[in-house]
1. Hey, what's the Cα Rg ratio for the stretch 414-516 versus the globular rule of thumb, 2.2 N^0.38 Å?
2. Looking at the chain, send over the antiparallel percent of its DSSP beta bridges, to the nearest 5.
3. If the label point is 7 Å along Cα→Cβ of Asp183, which residues in the stretch 133-172 have backbone nitrogen under 19 Å from it?
4. Mind checking the per residue accessible area of the stretch 391-515 for me, 1.4 Å probe, whole number of Å²?
5. Normalise the Cα radius of gyration of the chain by 2.2 N^0.38 Å (N = residues in it) and let me know the number.
6. Roll a 1.4 angstrom probe over the protein heavy atoms and tell me the percent of accessible area of the chain that is carbon or sulfur.
7. On full extension of the chain, what length is gained from Ala295 through Ala511, given 0.36 nm per residue of separation minus the C-alpha to C-alpha distance?
8. Considering Cα pairs under 8 angstrom that are at least six residues apart, work out the relative contact order of the chain and quote it in whole percent.
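The values are calculated or read from the model by the stated rules, or taken from the named source; none is laboratory data. Computed from a prediction, not measured in an experiment: that's the story for all the values here. Virtual Cβ from ideal backbone geometry, glycine too; neighbours counted across all protein chains shown. Heavy atoms of the whole protein, side chains included, go into the accessibility calculation; ligands, DNA and RNA do not. Shrake-Rupley method; radii C 1.70, N 1.55, O 1.52, S 1.80 Å.
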Amino acid sequence: MTDTHVKIFDTTLRDGEQAPGFSMSAGQKLQMAKALEALNVDVMEAGFAAASPGDFEAVKTIATEVKESVVCSLSRCNEGDIRASGEAIKPAAQGRIHTFIATSPLHREFKLKMSKDEIVRRAVAGVELARNYTDDVEFSCEDAIRTERDYLKRVVEAAIKAGATTINIPDTVGYTTPQEIQDLFEFLVTDIEGGDGVIFSAHCHDDLGLAVANSLAAVRGGARQVECALNGIGERAGNCALEEVAMALRTRADFFGLSTQIKTQGLYGASKLLATITGNPVPRNKAIIGKNAFAHESGIHQHGVLANRETYEIMKPEDVGVSTDNLVLGKHSGRAALKDRAQKLGFDLGENQLQTVFVSFKALADEKKEVFDADIEAIILGEAVGESGPWHIDSLYVSAGSDNGKQPVATVKLHHDDGREEKWSQEAAGPVNATFLAISHITGQPLHLDSFSVQSVSEGEDAMAEASVQVSTEFNAYHGRGTSTDTVLAGARAYLDVINRIERRADRQKAIAAQH
Ligand SMILES: CC(=O)SCCNC(=O)CCNC(=O)[C@H](O)C(C)(C)COP(=O)(O)OP(=O)(O)OC[C@H]1O[C@@H](n2cnc3c(N)ncnc32)[C@H](O)[C@@H]1OP(=O)(O)O
Ligand SMILES: CC(C)C(=O)C(=O)O
Ligand SMILES: [Mg+2]
C-alpha cells in the first residue's frame, strides 16, 4: 500500500448496529458483510464477539465467508472479550482484533474508576493477549479527543510497544473540530515513539454534524485509516458516512492527493440494502445516496444541466451506482435487460435470485404500465432481504368508504410455516387499522405502533407504495417494511414483517438457550 492509500474501516455492523433501531439478525449481518466486501472495504468490523452468543456467531460466520476484506471484532481490554474476539475471527483469511479502553479524565474517574497507570497496564495486557491470536491488532483510546495530550502519547506508545499495528483515535462524543483533529494527527504522526509503520486511524462521531469534515481533516494530518459506516449510522447522531468520505476523497483527489479502494459504483445499492434491512429509509436530501442527490427541479438548474451536467453536478450519478438508463422495462422485457438494469443499480443477481426477481417483476409489469428503477429496487430488496415467514399473507380484502356510519372492514387470511391457517374479519376506524388488528388477532401479537408511514417509490397513479412500520417492545425496537401497488397491502406486509422479526428473534433465542 502506498502512503496515499486511505484504508476504509467499515463499522456498519458494529458501531452502526449499536444505534437503537438498527440491530440486525445474523443472516442480515452476513448479507450486509457480503455487500461491504463487494464495495471493497479494507476492513469490516463485524461485531463485538463478547456481546452475546448471537453476535459471536455472526462474527464467526462473517469471518468464514468473507475473503477479500479483513474481518475484525471489538473487545474491551479484558481477557474474556479478547478471547471471544480471537475465537470468532479464527476462520478469517485476514482477521483483526480491535481492543479499546477509555483514556479521558471523565471516563477514567466516573466510568472506569481506574488510575492512569492501571489503564496503561490494561491496554498493554490487552494488546499482548490479542497478539497471541493475530498479528493484526488495533488499539483505540476511547474518548481520545478529550484526553490530555501527554497522557494520550503515553498510552499510545505503550500500546505500540505491546504490538498494536493500528492506533485508532476516536472522537467518541463528536466534540472535535477539523483544525483541532488535524493538529492532533500531525502531532501523533511525528511525535509518537515507535510510530513508524503503524497506521493512525480516525473514528469520528457526528454529534455536531462534523464527522466527515473531521475525518477528512484527520487524513490531512496523517491518518491513513478512516472508520465509518454506510448511511452514517452509529451511536447517537452516527459515525462518519462511508459514502461521503469515499466520494469526497475521490471527487477532490486534486486537493487531498489521496485515494481509497472503494468500488464507488456499489454505494447506492449497498446503502439501499442497509436501509431495507434495518427499515430505516435514507433521507431524500442525504449527500451521495439520497433521492434528491442528483435531482434538479428548478428551471435555472434544469437549463444548466441540459446544457452541461457539470454546471450543477460535481459527481456522475453512475459513479455512485445511480442509474441513468433510459431503457424502459415492462411486461415485454426479458431476463437479460432485467439483469443488466439490476447490475447498474448495484445488485449482482445470481441465477436463482434472477429467476425469483424475474417472476415478481413480470407480476408487477402486468399491474403497471411501466416499471421504474425504484420498482425494480423494491422487488430486489424485497426478495433479497427475504427472511420471510413464519407468517404469510394468503389474502386480504378490505371494504372502506363513507357509507353512513359503517366502519371499514378488513378480512385477512394468513398461514404459518408450521401448518396453521386462519381467516379473520375486523372492523375499525380505518382500513389500515382494521387490517393490522386482524393480523394481530390471528398471530396473537398485539403491537403498539411507534410509527407507520407510506411513501410512493415510483411515479404514476399505479406507483409502488413502500410502507414502514416501527414498533418498540420492552427490550427492542423493530422495523418492518412492505411494498405493493396496493397501499393497504403494503402496510399489511410491513406489519407482518415486524411480527415475523419478533417471532424469528424469539426462536433464535430459544435455540441459543437450548445450546447452553
Ligand atoms: C464507544 C463505544 O462504542 S464502546 C462499545 C460499546 N458497545 C457495547 O457496549 C455493545 C456490547 N456491550 C455489551 O453487550 C455489554 O455491555 C457487555 C457484554 C460487553 C458487558 O456487559 P456487563 O458485564 O453487564 O457490563 P456493563 O455493560 O454493565 O458495564 C461495562 C463494564 O465494562 C467496563 N469497561 C468499559 N469499557 C471497558 C474497557 N474498554 N476495558 C475494560 N473494561 C471496560 C466498565 O467499567 C464496566 O465494568 P463493571 O461491570 O466492573 O462496572
Ligand atoms: C470503540 C470505539 C472505537 C468507539 O466506537 C468510539 O470511541 O466511538
Ligand atoms: Mg464509536
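1. Output field value: 1.18.
2. Approximately 45 percent, going by the DSSP bridge assignments.
3. It comes to 144-154, 169-172, nothing else.
4. Working: 6570 Å² over 125 residues.
Result: 53 Å² of accessible area for each residue.
5. 1.05
6. Carbon with sulfur: 50 percent of the solvent-accessible area.
7. Values: separation 216, 0.36 × 216 = 77.76 nm, distance 4.76 nm.
In short, 73.0 nm is gained.
8. Averaging sequence separation for qualifying contacts and normalising by length gives 10 percent for the chain.
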